[in-house]
1. For a test of the definition: using alpha carbon positions, the gyration tensor, and the 1.5 limit on a/c, classify region 137-224 as rounded, prolate or oblate.
2. Taking a point 7 angstrom from the Cα of ASN169 along the C-beta vector, which residues in region 32-65 have backbone N less than 18 Å away?
3. Once you have the Kirkwood Rh of region 1-96 from its Cα pairs, apply Stokes-Einstein at 25 °C and 0.890 mPa s and quote D in µm²/s.
4. Could you tell me the relative contact order of the chain? Use alpha-carbon pairs under 8 Å, at least six residues apart, and round to a whole percent.
5. May I ask you to sort GLU187, GLU177 by Cβ crowding, counting other Cβ atoms within 10 Å and putting the fewest first?
6. Given Cβ point charges of +1 (Lys, Arg) and -1 (Asp, Glu) and nothing else, what value in debye, to the nearest 20, does the dipole of the chain about its Cα centre take?
7. As a footprinting exposure proxy, order THR88, THR155 by other Cβ within 10 Å, with the fewest listed first.
8. Filter the DSSP H helices in the chain by two things, a Kyte-Doolittle mean of at least 1.0 and an axial alpha-carbon span of 24 angstrom or more, and list the hits by number.
Amino acid sequence: MINIIILGPPGAGKGTQARLIQDKFGYTQVSTGELVRHEIASGSTLGKYLQPIVESGGYLEDTIMLELLENKLKEIDSGAIIDGFPRTENQADALYEMLKRNHQQLDLVIDLKVDKDILAKRIAGRFSCVNCGAIYNQYFSPPADEGKCDYCKKTEFVKRKDDALEVVNKRLEIYTEKTQPLLDYYEKSGQLSHVDGMQSVDDVASQIEVLITKYLKKPQMCVN
């Protein structure tokens, strides 16, 4: 099983690229944000605890995120594209230990490099299909047929509450402070690859496809 992490600030296109990798290689997109939103929507005790933290743009406890992530990864056989975790060096260490405990490893870390000046517009225009979760942007990547999802053809869409401008600004500040050091962390491990996230969605996907294909051709080590 292959495990891939996509890094980048909010609005960099991590979710979109994860979905394209899923479609191309048959891996499973694992969005920690979606795992949390699903928990909130379930109305569970944990979900009620998480809701105000998420809506204020705050970070969740590492133990909670790891538990949600570990449970999801146990359901997957072929490969996972992890979107939204880790966000700190401590989380990266914890993820390493969690994967090791489950006889897995982290294989690729892909950094989407973008111009942060346009991220606000990317995020402000973002919305998704209620039925299948496909992500769109009213400025950059709307549905081909206006008002109808490209994938499932449904017509109901939703915009996330945490895409409000003030929440976005807070998330960008936190990213710069806490997540940026992860680039050095994974650079030292030799797992990090940079991709120009300012190109078209298809061109970014092509860059990522090359990286994954190259990795798959390398002799693989067994994880005990």
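Readers should treat all values here as calculations from the given coordinates under stated rules, not as data from a laboratory. This one's a predicted model, so the numbers in the text were calculated from it and none came from an experiment. Using ideal geometry, Cβ is built from the backbone for each residue, glycine included, and neighbour counts are taken over all protein chains shown.
1. Numbers: a/c = 2.43, a/b = 1.37, b/c = 1.78.
It is oblate, given that a/c is not under 1.5 and a/b is not larger than b/c.
2. The answer is 55-58.
3. Numbers: Rh = 13.9 Å.
Result for D is 176 µm²/s.
4. On the way: 298 pairs, mean separation 62.4, N = 224.
Rounded, it is 28 percent for the chain.
5. On the way: GLU187 14, GLU177 10.
Neighbour counts put them in this order, fewest first: GLU177, GLU187.
6. Numbers: 28 positive and 33 negative charges, 60 e Å.
Computed charge dipole of the chain: roughly 300 debye.
7. Details: THR88 18, THR155 14.
Least to most surrounded, the residues fall as THR155, THR88.
8. Flagged H segments: there are none.
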